[in-house]
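*Asks:* Provided herewith is a single structure, encoded as structure tokens, for subsequent inquiry.
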Amino acid sequence: MTTHPAHPAARSIRTTPEGLMWEPSERWVRGRKGDITVVDSRHPVLVWEPHLPVPQYAFPHDEVRTDLLHPAQNPPTGKHTGSRIFYDLDADGEVRANAAWTFPADDLAGHIAFEWFLRTDTGLDHWYEEEEEIFIHPRDPHKRVDALSSSRHVRVEIDGRVVADTHAPVLLFETSLPTRYYLPREDVRLDLFDATDHSTGCPYKGTAEYWSWHGDGDVPPNIVWSYPEPLPAVAAIQGRVAFFNEAVDITLDGERLERPDTPFSRMLRKGDR
């Protein structure tokens with residue numbers, strides 16, 4: 001029988017020679033492929049790879065249906081930090097290539113990780129923390145997201161044209177990201193934008209819908225978004241409209257804000273979003 005490490009009340013992130021960071025989690029985590037529960041873990045470990053800003057879960061072998069895993073036919077060596085052992089998942093009448101792998105660190109020996117990020121074609125279909133389904137990637141326990149109602153004056157311009165003006169924003173503060181300003185729809189000129197079929201998922205906020213500017217100027221697509229059904233923790237942003245600070249000019253209480261340089265800046269320049 002495997003002995004699982006204790007979960008200290010005051011946890012600290014540990015590091016490995018490969019550059020991985022990890023810490024145990026006290027959440028009950030399950031992963032399913034169709035109707036089959038592949039992972040049922042009360043001792044998961046959160047792992048951060050050097051090149052990824054978000055964590056992943058790794059699970060003790062005895063909390064994974066390892067009978068459904070087989071050595072990968074075409075392992076993508078180099079995809080995950082130092083990892084050389086990959087597994088194909090054979091479950092529910094379907095084989096998903098390279099769905100799981102092991103990290104090389106001695107600290108993580110005996111653990112298996114699974115694909116998540118926007119890749120349900122290679123990973124599992126559904127993930128749960130306790131009884132709540134989660135999406136895209138595990139939530140980072142060191143990340144905080146707060147949505148606060150405000151009376152600050154927010155004005156948004158594109159190429160000198162005012163496209164939004166309000167004194168009733170909701171400010172969303174998210175660790176490591178610029179403040180986002182969620183504005184009432186009646187205070188936004190949505191008639192200047194076209195709805196697109198683009199959507200994104202966020203484990204902290206939900207699923208967003210997007211609009212693109214249909215005026216002149218060098219403006220990236222999908223610079224406006226809204227969460228029609230946000231997660232309960234950020235219910236205050238429901239139906240409100242936000243702009244990428246990286247691509248528009250925002251004036252807050254009369255002060256023009258600098259456009260931040262974030263990973264979204266590069267995606268917007270490439271038109272990936």
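*Asks:* Looking at segment 126-158, which of its residues are polar (S, T, N, Q) and closer than 23 Å to Ile223 by Cβ?
*Replies:* Ser150 - this is the single residue of segment 126-158 that is polar (S, T, N, Q) and closer than 23 Å to Ile223 by Cβ.
*Asks:* Do any strands (runs of 3 or more DSSP E) entirely within segment 180-273 hold 1 or more residues that are open to solvent by 30 Å² or more (accessible area, probe 1.4 Å) and either acidic (Asp, Glu) or more than 21 Å from Arg155 (Cβ to Cβ) (or both), and if so, which?
*Replies:* 193-202, 206-213, 249-252
*Asks:* Name the pairs: first residue in segment 22-42 and more than 21 Å from His142 (Cβ to Cβ) and touching a residue at least 12 places away in the same chain (Cβ under 8 Å), second residue open to solvent by 60 Å² or more (accessible area, probe 1.4 Å) and of a type in the set (Asp, Glu), Cβ to Cβ under 6 Å, at least 6 apart or on different chains?
*Replies:* Arg30/Asp40; Lys33/Asp92; Gly34/Asp92; Ile36/Asp92
*Asks:* Any residue at all in segment 150-163 that's of a type outside the set (A, V, I, L, M), at positive phi and not in a strand (DSSP E or B)? Walk me through it before giving the result.
*Replies:* Step one: filter segment 150-163 for residues of a type outside the set (A, V, I, L, M), giving 150-153, 155, 157, 159-161.
Now narrow it down to the ones that are at positive phi: 159-160.
Filter again for not in a strand (DSSP E or B), leaving 159-160.
There is at least one residue in segment 150-163 that is of a type outside the set (A, V, I, L, M), at positive phi and not in a strand (DSSP E or B).
The values are calculated or read from the model by the stated rules, or taken from the named source; none is laboratory data. The model shown is predicted, which means the values in this text are computed figures rather than measured ones. As a convention, Cβ positions derive from the backbone with ideal geometry for all residues, glycine included, and neighbour counts pool all protein chains shown. Accessible surface areas use protein heavy atoms only, side chains included; no ligands, DNA or RNA. Shrake-Rupley method; radii C 1.70, N 1.55, O 1.52, S 1.80 Å.
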